[in-house]
Amino acid sequence: MSLGQAFEDADELLTLIALLPIMLGLLVFTSNINNPNFDGIAAFERLITDFAHALVPSIGAIIVLGLIIFALRNAP
């Protein structure tokens, strides 16, 4: 495995981990849609903001996780 592939895997893994809270937030949003005390607009704005932040890569975390993946896959 190349180092570039390890960095790509790290990027994809971190994106999946960042999307988990958004999925839970979407579940809360859909379960409370008929609640009159639920502010759907604010919840929707929060979900969109969190989604945008999840898609922005964290370069430092990608480098660290990529090096760990590379080391683990190439360990003797």
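For the chain, modelled as a GNM with alpha-carbon contacts under 10 angstrom, which of 54, 18, 43 fluctuates the most?
With Cα springs under 10 Å in the chain, the top fluctuation among 54, 18, 43 is at 43.
Expected output is a single nm value to one decimal: the length gained when fully extending between residue 33 and residue 12, i.e. 0.36 nm times separation in residues minus the C-alpha distance. What is it?
So the chain would gain 4.4 nm between residue 33 and residue 12.
Take each uninterrupted DSSP H stretch in the chain, measure its Cα extent along the helix axis, and return the ones at 18 Å or beyond whose mean Kyte-Doolittle hydropathy is at least 1.6.
Helices passing the filter in the chain: 59-73.
Once the other residues with Cβ under 13 Å from the Cβ of residue 54 are scored (Lys, Arg +1; Asp, Glu -1), what is the net sum?
Residues close to residue 54 contribute a combined charge of -2.
Hey, of (1) 25.4, 80; (2) 17.3, 60; (3) 12.1, 36, which did the structure itself give for Rg and Dmax of the Cα atoms in Å when calculated?
Comparing each candidate, only (2) matches the computed number.
Taken together, the values in this text are just the output of simple stated rules run on the coordinates, not laboratory data. Quantities reported herein were computed from a predicted structural model and do not represent experimental measurements. Because the Cβ atoms are built from the backbone with ideal geometry, glycine has one as well, and the counts that use them run over all protein chains shown.
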